[in-house]
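The values are calculated or read from the model by the stated rules, or taken from the named source; none is laboratory data. Please read these numbers as outputs of a predicted model, since none were measured by experiment. Here the Cβ positions follow ideal geometry from the backbone for every residue, glycine too, while neighbour counts run over all protein chains shown.
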Amino acid sequence: MRRLWRVMGAVAASAIAASLAVVLDTAVARADVTPFGHACTAQNGVRFCPTADLGGRVASWDGTPLDVDVTLPATGSGPFPTIVIMHGLGEDKTAFEDTSATGSQALTYHYNTNYYAQRGYAVVTPTARGFGNSCGSASKTSAGCAAGWVHLDDARYEARDIQQLLGTLVDEGVADPSALGVTGISYGGGTAAQLAFLNNRIELPSGGFAPWTSPAGAPLHIAASYPRWGWADLATALVPNGRATDTAPPSYAADTSPVGVSKLSYTSFLYLITDLLGQVAPAGTDPGADLTTWYKTLLAGEPYSGSAVTGLVEALKYKGTTGIPGAPTPMLIENGWTDNLFGAQQGLALFNQARAASPSADVSLQLADTGHPGASNRSDVVDRLVDAGSAFFDAKLRGTGTGPAPGSVALSPMSCPAGSATPAPITAASWGAAHPGTLSFSLTLPQSTTSSGLNYLGQVGQDPVIGILPGTVGDVLTGLVNGTVDPSSLLSILGGGGSSQFGSLFSQALQTSNPCATSPALIQPNSIVVLGPALTHADTLAGMPQVTASIQHTGPDGQLDARLWDVSPTGTQILVSRGLYRVTANQSGTIGFQLDGNAYTFAAGHRPKLELLSSDGPYARPSNGISTTFALTVTAKLPIVQTAP
């Protein structure tokens, strides 16, 4: 018996010793986890490992120093499934760094470093090159930043920076090479989409491709991508010509020929923020990052010809996904119906590009009243979407649960009036299955619209951007739009800025849009108006309205700017969707184009109304020349959920 106790005691002592050894080994391992050589500090249930100063920045593939933080689970030495969260234009690494899983801002609920680290992920939050301490306005004179300017989400630069960071973390044993995920909003969403299509490749400065390996030579690939508010083609997003459709993959050649209509208020806003907070290449220095020349070219308007336009068209093909061949890694795409910058059309373009590359591509689509100004970003809708994103990452990176079915769509309808109950999402196994019906109405008599010259602020009441930024910055934006402020004088007017401060400002601005705003249902002067019938029952639009017209255009290049309204029996109206179409000099014949789309219910007794304008400034830059477009016939077709309107 005593021998038995001695044996049991020896076994117990051995077990205790082994346990203590494990604890000690774990403690040592925890102390040794230093991503990029940065020390980690326990805080708020996770470990935070920041770049503490300019000297601690991480050199990218071309030597550009990047400011990057890593947040780790409270315990463990890795390798961890890893998610990179990328910020929007003008922001920095702090945009999605938070101290609680629920977040402290509207856009950080279940979408922040603390949330994902507490779920077992290593979370990487870099500042994009050209912003913040990655050679932005406040750090551009620091070591290594001489050419560290913004390349405007170029797959050869900004996307490759992320690949370099992930490769380094893999070599350090922090990141699991089989479980690398990426996500981001807006500017970061664009990079996340590029990384999905690059998958296991890098894009070289020459435009060629090569296998993606870590600095130590480990082959790498992205396992899951969740781009939010991103884009496929920056040309159609900023300068749409109306040739894109919802039934075909994006074509860069078609999207840039002819050059489209500049979204004046948005391009001005983006240039203002980049010049104020980032490092912009001196004009003419870098053909792939010549933002000042490009902006001035768009600001000057038609005719779009010459070397500056050629350079812009050549450079923009690297700023999206259309120039990246092949099927993407698993991808969940989120874009906004009411986002007037990177709207539903851009999300659908990513979706169609993926499915065209491989009909079985593991890609799904979320569309809602979310995104850039124009969208309401209701918290209940945003929360539901990001929780779906979290489940997607868990399924693809950790092998737990299930993500959305490949090819499926979830379309969240716009909810009006503001504050009303949120309708249930429209879910379907494919894009086409979401809107089996059609509501059509046509023009009864020929009408025309004449370009009224450079009235930049003519439709300012319907612009999504003017007025969202306060004080002097807002005044300067209006000055850029109407031509009273020289783009070259921004820094002398406003001085430098802080990317971290802009992040909270823009987050607040995103909560000010009211897509349900009403206005008197008056006939817009100098417009072509097509009024639909009073509906006998509710019909739910769920897609991109199609406009087909027979036109005769006289004069130089012009535009047809479409707006779809919901007209109530009481004489008020709500803007449902809009779209831009470039009319070329003396164009005639049948044209067809789609509006940006929405999921929106027209109540019984309401009437859909289509307006076609020759100018919708400041949202769209008015054309330079005087011209008239005659519409002999116009038909609007609205894709709807109901099969029998």
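Just a few scattered comments:
- Single condition N335 does not satisfy, out of (1) in contact with an Asp or Glu (Cβ under 9 Å, 6 or more places away or on another chain); (2) buried (at least 24 other Cβ atoms within 10 Å of the Cβ); (3) more than 29 Å from G483 (Cα to Cα); (4) among the polar types (S, T, N, Q): (1)
- Where a residue in the range 284-309 is part of a loop (DSSP other than H, G, I, E, B) and its partner, wherever it lies, is surrounded by fewer than 19 Cβ atoms within 10 Å (Cβ to Cβ), with Cβ under 6 Å and at least six apart: P287/G311; G301/N624; E302/N624
- Residue count for the range 569-606, restricted to those that are under 23 Å from G374 (Cβ atoms) and not aliphatic (A, V, I, L, M): 16
- Scan of the range 219-246 for residues that are more than 11 Å from the chain's Cα centre (by Cα), aliphatic (A, V, I, L, M) and assigned to a loop (DSSP other than H, G, I, E, B), ordered by number: L220, I222, A223, V239, A244
- So L612, is it closer than 21 Å to R243 by Cβ and either among the hydroxyl-bearing types (S, T, Y) or in contact (Cβ under 8 Å) with a residue 24 or more places away in the chain (or both): yes
- Entirely in the range 379-495, the helices (runs of 4 or more DSSP H) that have 1 or more residues that are of a type outside the set (D, E, K, R) and modelled with pLDDT of 95 or more: 379-393
- Residues located in the range 563-573, provided they are assigned to a strand (DSSP E or B) and touching a Pro at 6+ places or on another chain (Cβ under 8 Å): L564, W565, D566, V567, T572, Q573
- Meets criteria (polar (S, T, N, Q) and under 23 Å from G103 (Cα atoms)) for S364: no
- Single match in G336, G311, G347, G326 (criterion: of a type outside the set (S, T, N, Q) and out of contact with any helix residue (DSSP H, G or I) (no Cβ under 8 Å at 6 or more places or on another chain)): G347
- The range 540-562 - residue that is within 17 Å of V261 (Cα to Cα) and outside any strand (DSSP E or B) and, of those, nearest to the chain's Cα centre (by Cα): D557
- Candidate set: the range 524-572, residues that are among the charged types (D, E, K, R) and touching a Ser or Thr at 6+ places or on another chain (Cβ under 8 Å); chosen: the one nearest to C416 (Cα to Cα): D539
- Among the residues of the range 393-441, those that are surrounded by fewer than 19 Cβ atoms within 10 Å (Cβ to Cβ), over 24 Å from S577 (Cα atoms) and of a type in the set (G, A, S) comprise A395, G399, G401, A405, A429.
- Cβ-Cβ contacts under 7 Å between residues 6 or more apart (or on different chains), taken from a first residue in the range 144-168 that is on the phi > 0 side of the Ramachandran plot to a second residue that is not β-branched (V, I, T), are listed as G144/G63; G144/P65; L152/A289; L152/L291; L152/K319; D153/Y187; D153/G190; D153/K319.
- Residues in the range 247-283 that are touching a strand residue (DSSP E or B) at 6+ places or on another chain (Cβ under 7 Å), in a helix (DSSP H, G or I) and surrounded by fewer than 23 Cβ atoms within 10 Å (Cβ to Cβ): 0 in all.
- The residue that is modelled with the lowest pLDDT, counting only those in the range 349-378 that are among the aliphatic types (A, V, I, L, M) and in contact with a strand residue (DSSP E or B) (Cβ under 7 Å, 6 or more places away or on another chain), is A375.
- For the range 105-126, residues that are closer than 26 Å to G76 by Cβ and either in a loop (DSSP other than H, G, I, E, B) or not assigned by TED's automatic domain parsing to the domain that holds P65 (or both) total 8.
- For the range 28-45, the criterion of being over 30 Å from the mean Cα position of the chain (by Cα), buried (at least 16 other Cβ atoms within 10 Å of the Cβ) and of a type in the set (K, R) is satisfied by at least one residue.
- Selection status of G173, at positive phi and at pLDDT 95 or above: yes
- Residue match in the range 208-215 (condition: surrounded by 22 or more Cβ atoms within 10 Å (Cβ to Cβ), touching a helix residue (DSSP H, G or I) at 6+ places or on another chain (Cβ under 8 Å) and modelled with pLDDT of 95 or more): yes
- Residue in the range 77-104 that is surrounded by the most Cβ atoms within 10 Å (Cβ to Cβ), counting only those that are touching a residue at least 24 places away in the same chain (Cβ under 8 Å) and out of contact with any strand residue (DSSP E or B) (no Cβ under 9 Å at 6 or more places or on another chain): S77
- Identity of the residue in the range 127-163, among the hydrophobic types (A, V, I, L, M, F, W, C), under 18 Å from the mean Cα position of the chain (by Cα) and assigned to a loop (DSSP other than H, G, I, E, B), that ends up surrounded by the most Cβ atoms within 10 Å (Cβ to Cβ): A128
- Check on D616, of a type in the set (D, E), outside the structural domain of P464 (by TED's automatic domain parsing) and crowded, with 24+ Cβ neighbours inside 10 Å: yes
- Here R621, R578 are screened, and the one residue that is of a type in the set (K, R) and either surrounded by fewer than 18 Cβ atoms within 10 Å (Cβ to Cβ) or within 23 Å of N335 (Cα to Cα) (or both) is R578.
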